[in-house]
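See structure below.
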Amino acid sequence: MRLIFATNNNHKLSEIKAILGERFCPYIFTMSDIGVSVNPDENGKTFMENALIKSNALYMEMKNKELLKDGDFIIADDTGLCIKHFNNAPGIFSSRFMGNITQKEKNLKILELMKDLDDTERYAFFITKLVVIEVDKVETDPKILDFEGKIDGYIAKKIEKTDGFGYDPIFAVGDYTDIYKGYVKTFSNLGIDIKNKISHRAKALLLLVEYLEKNHKI
Ligand code: IMP
């Protein structure tokens, strides 16, 4: 079995490896391990469509180059932050949100745009859609599976720690009543070990693990 991830994002890959843990290490492959690279336009209208675009691009590339093997799983993760106050934006536009500015600038801008909001109006969630193309036998049609992970939270009022990536410094787990308790559990404040136990990505990947175990793939 090979679990081949269609991503060039090193942050994502290191989280994936940490979440799956040592048991899965021998089975995890990156595109560069396989000697291929795809970077398709993520022009889908949903997380599912974008994850499918990415996994399918890698599947087709490997198929055309005759690199597929029986027992391969081609996996893509599409993730986004959805903020209720912005009608669930940035959502599928999480990486392109606000154009060509740094992630730090994006985070600060979001805090600025939300600065006058009541604590109860700060709800947000992270969602990960995993699309997995299961190649049982190279010569037969593959199976397409999908798994979803979601975590509810809210947008913090300020950045305390900047660890992690993307929107980790401003997304806090739990609900706004935590603001009153004075302990704001942003993914950055919680740290990567805790994030990897509870995150949207962890929930989606653990469903994949469940599938693999149930079907005696591992
Ligand atoms: P992608 O399209 O799935 O690669 O992710 C879109 C964007 O969402 C990334 O560029 C990051 O800014 C952000 N993102 C994805 N996953 C996370 C996460 O776990 N924490 C914070 N931001 C994330």
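The values are calculated or read from the model by the stated rules, or taken from the named source; none is laboratory data. Keep in mind that what you see is a predicted model, and the values were worked out from it rather than measured. Cβ sites come from the backbone with ideal geometry, for glycine too, and all protein chains shown count toward neighbours. The protein model used for the area step is the full one, side chains on, heavy atoms only, and it has no ligands, DNA or RNA in it. Shrake-Rupley method; radii C 1.70, N 1.55, O 1.52, S 1.80 Å.
General remarks:
- From the options 10, 50, residue that is open to solvent by 60 Å² or more (accessible area, probe 1.4 Å) and closer than 26 Å to residue 207 by Cα: 10
- Number of positions in region 198-218 that are open to solvent by less than 20 Å² (accessible area, probe 1.4 Å) and not in a helix (DSSP H, G or I): 1
- Annotation: of all residues in region 31-45 being under 23 Å from residue 67 (Cα atoms) and not hydrophobic (A, V, I, L, M, F, W, C), the one that is least open to solvent (accessible area, probe 1.4 Å) is 40.
- Among the strands (runs of 3 or more DSSP E) confined to region 91-197, there are none with at least 3 residues that are open to solvent by 80 Å² or more (accessible area, probe 1.4 Å) and touching a Lys or Arg at 6+ places or on another chain (Cβ under 6 Å).
- Restricting attention to region 13-30 and to residues that are in contact with a helix residue (DSSP H, G or I) (Cβ under 7 Å, 6 or more places away or on another chain), open to solvent by less than 20 Å² (accessible area, probe 1.4 Å) and part of a helix (DSSP H, G or I), the residue that is nearest to the ligand (Cβ to nearest atom) turns out to be 15.
- Yes/no for residue 134 being more than 14 Å from the ligand (Cβ to nearest atom), at pLDDT 95 or above, under 26 Å from residue 204 (Cα atoms) and among the acidic types (Asp, Glu): yes
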